[in-house]
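Below is one structure, written out as structure tokens; comments come after it.
The values are calculated or read from the model by the stated rules, or taken from the named source; none is laboratory data. Note that the coordinates shown come from a computational prediction; the quantities given were computed from them, not determined experimentally. Backbone-built Cβ (ideal geometry, glycine too); neighbour counts: all protein chains shown.
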Amino acid sequence: MGRARGSGEVPVRVVARGFGVRHASRRAWALSGVDLVVEPGERILLTGASGAGKSTLLAALAGILDPQNAELTGELTVDGGPPQTGRNRLGMLAQDPDSHLVMSRAGDDVAFGLENAGFPTAAIWPRVDEALAAVGFPYGRDRPTQALSGGEKQRLVLAGALARGPGLLLLDEPTAQLDPAGAALVRAAVARSTADRRATVLVVDHDAAPWLPLVDRVVEVVPGGLVEHPPGWRPVDRTAGLRLPPGADGPVLLAAEGAGYTYRGSPRAALAPVTARVTGGRALAVTGPNGAGKSTLALLLAGLRAPSTGRVHASDALADGVRRHVREPHRWRAGELVSRIGTVFQQPEQQFLTGRLRDELALGPLRSGEHAAAARATADELLERLGLVPFAEANPYTLSGGQQRRLSVATALATSPRVLVLDEPTFGQDAATWREVVTLLAEQRSRGCGLAVVTHDVDLLDVLADDRLAL
Amino acid sequence: MADSAVRSSSTAIEPQPAPVRWRTVDIVITAVLGVAFGVVFWAWNLAFGVLAAPLAFFPPLAAILNGVYLMPGIVAGLLVRKAGAAIFASTLAAAVSLLLGSPYGGIIVVYGLVQGLGGELGFLLTRYRHFGWGTAVLAGVTAGLSTSLLDLNLYYPVSQDYPFWAFTLPYTVFTVISSVLLAGVVGLLLVRALARTGALSSFAAGRTRV
Amino acid sequence: MTTSLALGPAPDVRLARINPVAQLAAMTLVTLVVLTSLDVVTPAVVVAAELCLLPAAGLTRAGDLWRRTWPLLFGATSVGVVNVVLSPDAALVTGLGLGLRVIGLALPGVLLVASTDPVRLADALTIHCRVPTRVAYGALAALRLVPLLTAEFESIRLARRTRGVEGRTPVAAVRLLAGVGFALLVGALRRGSRLATAMDARGFDSGIARTNARGSALHARDAVFVVGTALVCAAGITLSVVLGTWAPIFVG
């Protein structure tokens, strides 16, 4: 990296003693009893379950907790001063790179942080080029950020942070939304660009294993404080001891025959023609690299888009009761679709429609023609089963990521569909939520439901996939 | 727990911060509202052409559709609660509709500015202290008046050929009604619905339960 | 949809070499002159000059031109017709003048958008017009969300269908649209809050005077452009006065 300016070229020391944070709207402390010393240049992994307060600790270190919104206790210092004063020596990465990119061109975005620091114009572009090279960014400065993949965007965000020569680099689940290949490239870029130990690095991730070669120490955030893991520690395998109900052999419910899809105005097919079968009591896993059309296939199977070539058709059993015996799911009315094929999207919040959890779960049954009382009973039962009863009156948007994921699966189950189509149902989940979601899916399979799961998740493939389709 | 050896404790949950200093989140969220309503404007411009066609021969009736253009200023004022938020959001919304292609051309930015000033006046009159129904309706009235003034002078100079009560008055009244209903009432309902989703947690509007 | 046009890198057209600030100055000048003229001749001269600039903005293909101007042509026609029909001394030429006036007002916007990148506009405004940098770049950051919103629109609409909601009747369609719009807004506000945090983490509110990596230079050609615009306006008014058609408003 450029050495033009002194500030931020020296790694910082972080000290926390009895530190805690409470959010304005909550009664419980989000984080408490944190004692931690991070020496300059150290690389630390902070792990722990969803909601343990990992991200809150990172936000506090970054000095970006809104004082109007959070109450602090104890002591937290960066190089002996309050974190707010360390802002200019800070670099940050979070889950969603789209909310970290400011400008519409790659080079401009890296330059943004340098402009803010008051770098003279002439000094900016050489540093931008250096930073882009350091993260292995494969395009030029003029590349529109819109045209980048998730992994490329995340590396661009890293370049934007590195260009400022940060003394403290905070990475908040930077690979949670990336496919395995993209995630590996981001980790490699972090490793390469921090190899000179000019920055103290704190990584937050509930998936500890891939970071282990990169970090010096692993600290777990638990209720009431931190636990430091000994050297050589390995995380518990999330599939360990998992006993899933077996599948059953049922009839073919839904089939795609030579089904392909091309977006209007696009020269290239988003999905080359494929043949696939969703069978009752079995789980079909759809795998393949990014851009192969996995999610597009999910949309076709879910009856959300009409195939441009070939066809997708339901069996007689699945199409039973549909008006005029239409067999193609994309021609079904929404009310007919919802009781036959349940779909879970990658982003759960896109599927929320109401202001209360209970209404959210009752909505599908109501739409498929159930009576209000029956729909309400279904909703209550699901709330109970998924441990969401305390939130029955809460707004779905206010749930944590893991809770939202469980809710979106639950809404799909509420109408007891015979087919479930799921797009990356375990994306970015901690071990506990992961096991809950997998168990829930296996239960559906054992009662004869046919599953189609689009996934990159190797563990999920191991424990659940009966049939595989590689695109 | 909170009272154990506290060295750097900042318990700052104040009722209402001064409306002057803008945090980055205030700027960005106001801009997001401006951009979002710019897209709404773009769509409404097209819909306006269709909806207004049957009403075109009595322009005061078409004025009933004007309220949508006054929404960004009032929503931003109610949500961000900072002096200037209405002007910023309204002007940006107009500029974005221009970027997307507007039948009104560059003058639309002047409209955005004037409509924002109109809404801002309502918040100024309540001194940025109250953000309930009274303020929403008042800002709706002032915003409606501001846009009527421009419309009558720029787009319907023919109104001067008619008696005041036959054109100017009904045009203004319909615009104000539309503004109060769509921008004031719907605007406040929108802000409250947004608050319930937890998306406004960094704003006073997202914390106070009314 | 034209959103990609709004955010793409600066198109390499001749008009793009004029600084956005000079374009804005010219636009203001034209707006003032056209607004205050209620005759036919002045807007006709201005519109003729604007049409001459279309090739310089890269708008030569009829399809492109139509896509960018049809709402404006529609608006111009309706304003012309309404004012002719409602006017007691209904003169066709008055209607024509008012229609041309709308076109004269709107075309500079079309030209500006076709030839200017928002980033260059923000650079020019902060450097030459002292627009506060936090406001200008805050707006720019929000603008980057537009293409994300358009992509999310479709997936939220499909997500509604999976929940049994679709717009078969007009009422259902309006409710669906409102629901999708609300979900989009919630997403945009959440993302906006995170974006603000990210910008602060990169020193956006550090209080240090911000520099500009791209800069924005004013050249002689920018002055020529503004003076040329002034000359065209003056020519239009002169011609109008000579022909005895000049009818300014806000005067007398």
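So that you can scan it fast, the table gives a plain yes or no per residue for (1) surrounded by fewer than 23 Cβ atoms within 10 Å (Cβ to Cβ); (2) at the interface with chain C (Cβ under 9 Å from one of its Cβ atoms); (3) under 25 Å from the mean Cα position of the chain (by Cα):
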| site | (1), (2), (3) |
| --- | --- |
| A:V78 | no, no, no |
| A:R87 | yes, yes, no |
| A:L90 | no, yes, yes |
| A:S99 | yes, yes, yes |
| A:A122 | yes, no, no |
Matching residues in segment A:283-342 (touching a helix residue (DSSP H, G or I) at 6+ places or on another chain (Cβ under 6 Å), more than 10 Å from chain C (Cβ to nearest Cβ) and over 24 Å from A:D249 (Cβ atoms)) number 4
When (1) buried (at least 21 other Cβ atoms within 10 Å of the Cβ); (2) in contact (Cβ under 8 Å) with a residue 40 or more places away in the chain; (3) within 12 Å of B:T24 (Cα to Cα) are applied to C:D205, the one that fails is (1)
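From the list C:R157, C:R168, C:R161, which one is modelled with pLDDT under 85 and more than 17 Å from A:S99 (Cα to Cα)? Talk me through it step by step, then tell me what you get.
On the way: C:R157 fails: modelled with pLDDT under 85; C:R161 fails: modelled with pLDDT under 85.
Selected residue: C:R168, the only one of C:R157, C:R168, C:R161 that is modelled with pLDDT under 85 and more than 17 Å from A:S99 (Cα to Cα).
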Those residues of segment A:12-51 that are surrounded by 20 or more Cβ atoms within 10 Å (Cβ to Cβ) and on the phi > 0 side of the Ramachandran plot come to a total of 1
Checked pairs for segment A:450-463, first farther than 21 Å from A:G291 by Cα and in the same structural domain as A:L301 (by TED's automatic domain parsing), second surrounded by fewer than 23 Cβ atoms within 10 Å (Cβ to Cβ) and β-branched (V, I, T), C-beta under 7 Å and 6 or more apart or across chains, list as A:D459/A:T239; A:D462/A:T239; A:V463/A:T239; A:V463/A:V438
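Could you tell me which of the residues C:R120, C:R130 is over 19 Å from the mean Cα position of the chain (by Cα), modelled with pLDDT of 80 or more and not hydroxyl-bearing (S, T, Y)? Write out each step before concluding.
Working: C:R120 fails: over 19 Å from the mean Cα position of the chain (by Cα).
Criteria check complete, one pass: C:R130.
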When segment A:158-177 is checked residue by residue, the ones that are charged (D, E, K, R) and surrounded by 24 or more Cβ atoms within 10 Å (Cβ to Cβ) are A:R164
Here the qualifying pairs (Cβ atoms under 6 Å; residues six or more apart or on different chains; first in segment A:44-66 and polar (S, T, N, Q); second assigned to a helix (DSSP H, G or I)) come out as A:S50/A:G402
Taking segment A:410-429 and keeping residues closer than 27 Å to A:T175 by Cα and in a loop (DSSP other than H, G, I, E, B) leaves A:E424, A:P425, A:T426, A:F427, A:G428, A:Q429
Of the conditions (1) surrounded by 22 or more Cβ atoms within 10 Å (Cβ to Cβ); (2) over 17 Å from the mean Cα position of the chain (by Cα), the single one that B:V176 does not satisfy is (2)
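Checking the condition among the charged types (D, E, K, R) and surrounded by fewer than 16 Cβ atoms within 10 Å (Cβ to Cβ), which residue from A:R197, A:R155 passes?
Working: A:R155 fails: surrounded by fewer than 16 Cβ atoms within 10 Å (Cβ to Cβ).
It is A:R197.
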Over segment A:32-76, the set of residues under 17 Å from A:L226 (Cα atoms) and among the small types (G, A, S) is A:S32, A:G33, A:G48, A:A49, A:S50, A:G51, A:A52, A:G53, A:S55, A:A59, A:A60, A:G74
When segment C:199-225 is checked residue by residue, the ones that are more than 8 Å from chain A (Cβ to nearest Cβ) and part of a loop (DSSP other than H, G, I, E, B) are C:D205, C:G207, C:S216, C:A217, C:L218, C:H219
Residue pairs qualifying under the 8 Å Cβ cut-off, at least six apart or on distinct chains, with the first in segment C:183-198 being within 24 Å of A:L58 (Cβ to Cβ) and more than 8 Å from chain A (Cβ to nearest Cβ) and the second being charged (D, E, K, R) and surrounded by fewer than 22 Cβ atoms within 10 Å (Cβ to Cβ), are C:A196/B:R23
For segment B:179-210, the count of residues that are in a helix (DSSP H, G or I) and away from chain A (no Cβ under 14 Å) equals 11
Q: With the condition kept exactly as written, say whether any residue in segment B:140-163 is over 22 Å from B:L61 (Cα atoms) and at pLDDT below 90.
A: no
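Rundown of residues vs (1) touching a residue at least 40 places away in the same chain (Cβ under 8 Å); (2) part of a helix (DSSP H, G or I); (3) among the hydroxyl-bearing types (S, T, Y); (4) farther than 30 Å from C:I103 by Cβ, yes/no style:
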{"position": "B:V75", "(1), (2), (3), (4)": "yes, yes, no, yes"}
{"position": "B:I87", "(1), (2), (3), (4)": "no, yes, no, no"}
{"position": "B:S90", "(1), (2), (3), (4)": "yes, yes, yes, no"}
{"position": "B:A94", "(1), (2), (3), (4)": "yes, yes, no, no"}
{"position": "B:G119", "(1), (2), (3), (4)": "yes, yes, no, no"}
{"position": "B:F123", "(1), (2), (3), (4)": "yes, yes, no, yes"}
{"position": "B:R129", "(1), (2), (3), (4)": "yes, no, no, yes"}
{"position": "B:T135", "(1), (2), (3), (4)": "yes, yes, yes, yes"}
Exercise. Can you spot a residue in segment B:138-157 that is of a type in the set (S, T, N, Q), assigned to a loop (DSSP other than H, G, I, E, B) and either within 14 Å of chain C (Cβ to nearest Cβ) or surrounded by fewer than 23 Cβ atoms within 10 Å (Cβ to Cβ) (or both)?
Worked result: no
- prompt: Does A:G33 qualify as being away from chain C (no Cβ under 14 Å), part of a strand (DSSP E or B) and either in contact with a Gly (Cβ under 7 Å, 6 or more places away or on another chain) or more than 23 Å from A:F137 (Cα to Cα) (or both)?
  reply: yes
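Suppose we filter B:V176, B:V109 for residues that are in contact with a Leu (Cβ under 7 Å, 6 or more places away or on another chain), in a helix (DSSP H, G or I) and within 9 Å of chain C (Cβ to nearest Cβ); which single one remains?
Numbers: B:V176 fails: within 9 Å of chain C (Cβ to nearest Cβ).
One residue alone meets the criteria, B:V109.
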Restricting segment C:131-182 to residues that are of a type in the set (F, W, Y) and either outside any helix (DSSP H, G or I) or facing another protein chain (nearest Cβ under 9 Å) (or both), the one surrounded by the fewest Cβ atoms within 10 Å (Cβ to Cβ) turns out to be C:F182
